[in-house]
1. Do you know which residues across segment 160-190 are in a helix (DSSP H, G or I), over 16 Å from R144 (Cα atoms) and more than 25 Å from the chain's Cα centre (by Cα)?
2. Collect the residues in segment 212-253 that are surrounded by fewer than 14 Cβ atoms within 10 Å (Cβ to Cβ), under 19 Å from Y143 (Cα atoms) and not acidic (D, E), keeping them in residue-number order.
3. For segment 114-134, check the following and say yes or no: at least one residue is farther than 30 Å from A261 by Cβ and crowded, with 20+ Cβ neighbours inside 10 Å.
4. When the residues of segment 57-105 are narrowed to those that are assigned to a helix (DSSP H, G or I), surrounded by fewer than 17 Cβ atoms within 10 Å (Cβ to Cβ) and charged (D, E, K, R), which ends up nearest to the chain's Cα centre (by Cα)?
5. Restricting segment 182-203 to residues that are at pLDDT 95 or above and of a type outside the set (A, V, I, L, M, F, W, C), which is nearest to T157 (Cα to Cα)?
6. Somewhere in segment 43-50, is a residue part of a helix (DSSP H, G or I), at pLDDT below 95, over 18 Å from the mean Cα position of the chain (by Cα) and surrounded by fewer than 14 Cβ atoms within 10 Å (Cβ to Cβ)?
7. Does R295 meet the test of being surrounded by 14 or more Cβ atoms within 10 Å (Cβ to Cβ), charged (D, E, K, R), outside any strand (DSSP E or B) and modelled with pLDDT under 95?
8. Of the conditions (1) surrounded by fewer than 16 Cβ atoms within 10 Å (Cβ to Cβ); (2) in a helix (DSSP H, G or I), R193 satisfies every one except a single condition; which number is it?
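The values are calculated or read from the model by the stated rules, or taken from the named source; none is laboratory data. Just so it is clear, the structure is predicted and the values come from calculations on it, not from any experiment. Cβ placement follows ideal geometry from the backbone for every residue including glycine, while neighbour counts extend to all protein chains displayed.
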Amino acid sequence: MANLLRAARALPPVPGVYLMKDAYGNILYVGKAKSLPQRISSYFVKNPQHSGKIQQLVQRIDHFDVLTVESEFDALWLECQKIHQYRPPYNQLMNHFEEYSYFHFANNQFKIVDSWQDSGLTLGPFYKKSKMQDFLAVVQSVYRLQGPLQYAAGIITPYTKETTALERKAEYQARLAEILDLLSGENQLLLQRIDDKVAFFATRNAYEQAQVWWEKREIAQRFLRRNKQILATQQDQYFIGILPLDRGTKYYLYYKGEILASTTYLRQVPLPQAVKKLMGKVTQKQLLAVKEKLRLTKMDVDRFPIFFNYLQRHGEVVAWPTEKAVSTK
């Protein structure tokens, strides 16, 4: 333990990723650090706040490797990549692929499936299945897609005494069309319909029922926000990440879930200049391979929140049309 602590304290005080290994070289845990010596040293000092899992991990560590990077963002990105590559037993986040699933909409059915479907509309992958089931239940409660009540009342167009069976079936098809547009990012009418229910019960002082619907709204809103990000990431659209560093500014070229290139300037430069340099680092072969991606991988959907959330908090993300990009070499 003392040797590991000395080795950790001797590391350069820079961001990076560390791989904790056992005596056989098996990777037990992958972590990221803003400062490698500070983070890794914390494992090898007595700390009553260490969980039982961390204590067990420390007992198995024989040695560690580190990969240094330029920024905390780079460490986060690389950490995700290494977790997906090695699937270490002590990592929890981004390491449960069996819980990643897809929403599938086809043949008038909206359901959760474990693998990508080429027919109909497939969305995802999403983590995790229990949250997907919650969203599916919200859609069912609003639109009544299944069960004996699916034709009991009009959702899009209210039924009247004169409404025929044929008109009811047409109204049901309108519900399905509205859901399909919702999933495709064309509308957010689901939220408005839930708001109407919240207001309906609140004006009648039925606050418990209003609260139930408000909780359903939060479930729906979380999913729609995530789905919007996935849809945007899958489009034929570049995004330029701009991250101020202690010394200079770093630019990233992001496309369909991947960072194709990055470059650092000692000062912030006009964006077209940075884009030209970034595109110059990308080969035609590399670009074509990404263009042909039909869907995001499980690693892509874990990494895009890192890209957008981190850079929007600490820097800037700018959409850049592909037609404005300079040709690659």
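1. A165, L166, E167, listed by residue number.
2. If the condition is that a residue be surrounded by fewer than 14 Cβ atoms within 10 Å (Cβ to Cβ), under 19 Å from Y143 (Cα atoms) and not acidic (D, E), then R222 is the only one that fits.
3. Looking through segment 114-134, at least one residue is farther than 30 Å from A261 by Cβ and crowded, with 20+ Cβ neighbours inside 10 Å.
4. Selected residue: E99.
5. Per the criteria, the residue is R193.
6. No, there is no match, as no residue in segment 43-50 is part of a helix (DSSP H, G or I), at pLDDT below 95, over 18 Å from the mean Cα position of the chain (by Cα) and surrounded by fewer than 14 Cβ atoms within 10 Å (Cβ to Cβ).
7. When the stated conditions are applied, R295 passes them.
8. Status for R193: all satisfied but (1).
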